[in-house]
1. Using a 1.4 Å probe over the heavy atoms of the protein chains, calculate the carbon and sulfur portion of the accessible area of segment 458-576 as a whole percent.
2. Can you send over the carbon and sulfur percentage of the accessible area for segment 42-102, probe radius 1.4 Å, protein chains only?
3. Taking the Cα centre of segment 1-158 as the origin and placing charges on Cβ (Lys, Arg +1; Asp, Glu -1), which of 31, 65, 100 is farthest toward the positive end of the dipole?
4. Magnitude of the Cβ-charge dipole of segment 356-458, K/R +1 and D/E -1, about the Cα centre, nearest 20 debye?
5. Taking square-rooted eigenvalues a ≥ b ≥ c of the alpha carbon gyration tensor, is segment 469-576 rounded, prolate or oblate, where a/c under 1.5 means rounded and, failing that, a/b exceeding b/c means prolate?
6. Taking the structure as given and computing semi-axes √(5λ) of the Cα gyration tensor in Å, which label from [x] 42, 32, 25; [y] 52, 34, 19; [z] 30, 26, 26 fits?
7. Among the listed pairs 111/492; 105/493; 111/244; 280/344; 542/562, which are separated by more than 25 Å between their Cα atoms?
8. Among 193-201, 130-138, 77-85, 251-259, what's the highest-first ranking by average C-beta atoms within 10 angstrom per residue?
Amino acid sequence: MNIFKTYLDKIIKLIKSANKDNLLVLPENLSGINVDIPPAKFNCDMSTNVAMILSKPNNKSPLEIAEVIADIIKKNDNYIEEIKIEKPGFINLKFNKNFWNNFLKSIINEKNYGSKKVNNPKKYLVEFVSANPTGPLHVGHCRGAILGDVISNLLKFNNHKVSKEYYVNDFGNQIIYFTKSVYFRIREILFKEKFPIDDKDLYPGVYLIDIAKNIIDQNKDIKFDNFEIISSELTKLSVKESLKLIKFNLNNLGISHDNFTSETDVVINKEVDQVVDELKKDQFVYLGKIKAPEGEDSKNWDEREQLLFKSTEFGDDKDRALQKSDQSWTYFATDVAYHNTKLKRQFDILINILGADHAGYIKRITSVVEALSGEKNKLICKVSQLVKLIKDGQPFKMSKRKGDYITVEDLISEVGKDATRFIMLNRSNDVELDFDFTKVKEKSKDNPLYYVQYCYARISSVFRNLNKKIDDEINISSFDFNYTDDEIKIFKKISQWPKCVDVATSKLEPHRIPVYLYELSSEFHSYWNMGKEDVSKRFIEKDNTIKDEKVIILKIVSNVIKSGMNIVGVETPEKM
């Protein structure tokens with residue numbers, strides 16, 4: 001039950017009825033009307049801007065229109081305890097106890113409370129991580145991996161169909177250098193040859209030694225004496241071993257993909273040629289020249305004729321090259337072909353999670369998806385900003401080529417999967433995140449994961465004390481409790497959960513979930529602590545029983561925390 005959606009529908013129905021009775025004039029578009037969470041300074045449960053939307057078509061001030069609408073609401077709603085009008089024209093509603101009792105009855109045993117029922121669920125393809133298969137995942141990949149996974153969880157919670165995909169960049173120069181690096185490690189193991197550490201194109205990380213050992217052990221028939229002869233086969237083996245590491249890292253983060261798509265397959269299957277032909281047919285490509293980038297000396301710029309995509313027709317700042325000077329395809333061209341394979345699979349919406357270094361890539365790839373599909377906003381890109389690791393007050397530096405970067409495994413072994421997921425998601429993806437090892441391990445209010453898990457554990461302790469299970473359904477057929485403002489404060493927060501889920505899903509902003517869970521836990525902990533001074537706030541009576549009204553509070557809070565933590569992908573321990 002989303003009470004904000006319920007009251008939005010109710011208010012629109014009332015003003016339409018008032019329009020028929022010539023009490024109000026309505027604009028053609030009512031989409032600007034909203035029912036929202038009021039600021040904390042107002043002692044109310046809900047606020048609407050409807051009077052300000054209707055002010056202009058009625059040629060009256062918002063305050064005058066608010067008086068008319070407030071009177072209509074009073075006459076048609078038995079759940080309103082008080083209506084107040086605030087400048088410049090907001091109508092604030094406060095509900096009576098009957099409203100809250102009915103609200104609690106409707107959600108007490110609803111496992112998926114907050115989930116939005118959609119008549120036509122959409123098919124989403126969420127591509128995330130897609131790190132080059134040249135070694136284990138590092139912290140730079142971690143945040144984007146969690147972002148993509150939780151966005152997928154949110155969409156699934158709202159009954160959409162989701163496929164999670166990893167694009168394996170196993171084609172191009174970086175793979176050649178990676179394969180050579182593995183080859184030299186193999187030579188180092190078999191023939192005691194020194195690894196060419198001074199070659200800056202190679203990957204010197206020690207993890208390559210394990211990859212090399214695995215390839216040697218599993219391929220006794222291969223002779224590692226001529227790179228050119230075995231390069232193709234060694235590339236497949238090296239990428240396979242690297243992907244094992246990556247999948248292991250992802251599994252330890254609680255992440256699994258439905259599909260891994262190979263860039264090499266895209267190239268071999270002539271997907272690039274096919275998509276370029278499609279773009280030519282629709283006159284989206286041409287032979288032209290790209291001018292030197294702003295700030296670069298035009299004398300040093302090779303202004304040559306090449307195949308270009310008309311991305312400026314879709315708002316990009318310049319057209320983009322599809323071919324290099326040697327007539328081979330650019331990385332952009334293979335990416336275009338890959339996205340065309342996505343479109344062929346008939347997904348309604350494509351979502352890409354990109355690293356901060358790919359932010360400038362968004363416009364060109366969304367442009368080409370629009371050109372190929374004929375639909376704007378078919379592809380949505382979310383950028384995962386940088387993570388700064390802090391330990392003992394000092395930042396960690398990462399360098400994949402040097403091999404001294406911080407891996408996902410390092411992070412998980414230090415703080416655990418749950419802390420990694422929750423804290424990585426605790427801020428909006430478009431701002432940088434400081435991940436402080438010390439704070440993440442604290443058992444205090446300053447550690448949001450601990451505070452939320454402790455809330456669930458506290459509730460579990462009450463049920464355990466009563467020999468009940470926290471996930472059992474509550475069999476209270478009817479109730480009419482006179483809850484105080486302290487309890488209603490918790491119910492108000494609970495009522496905001498569906499709105500939180502709805503906004504987090506529609507905007508693809510999953511950080512709203514852990515932020516909400518922390519706020520709900522804070523409300524619960526505050527109420528729990530009241531019991532130290534006020535016996536009426538205590539959950540367990542002196543005779544080791546619990547009143548039904550208190551069971552309801554515990555049950556609805558635990559249900560929401562469980563749902564929210566499932567979306568985030570972290571545990572809800574019953575003991576801490």
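The values are calculated or read from the model by the stated rules, or taken from the named source; none is laboratory data. Small disclaimer: the values here were computed from a predicted structure and weren't measured. Neighbour counts run over all protein chains shown; Cβ positions are idealised from the backbone, glycine included. All accessible areas refer to the heavy atoms of the entire protein, side chains included, with ligands and DNA or RNA removed. Shrake-Rupley method; radii C 1.70, N 1.55, O 1.52, S 1.80 Å.
1. That fraction is 43 percent.
2. Solvent-exposed carbon and sulfur of segment 42-102 make up 46 percent of the total.
3. Working it through, the farthest residue towards the positive pole turns out to be 100.
4. 160
5. Verdict is prolate for segment 469-576.
6. [y]
7. With Cα atoms farther than 25 Å apart: 111/244; 542/562.
8. 130-138, 251-259, 77-85, 193-201
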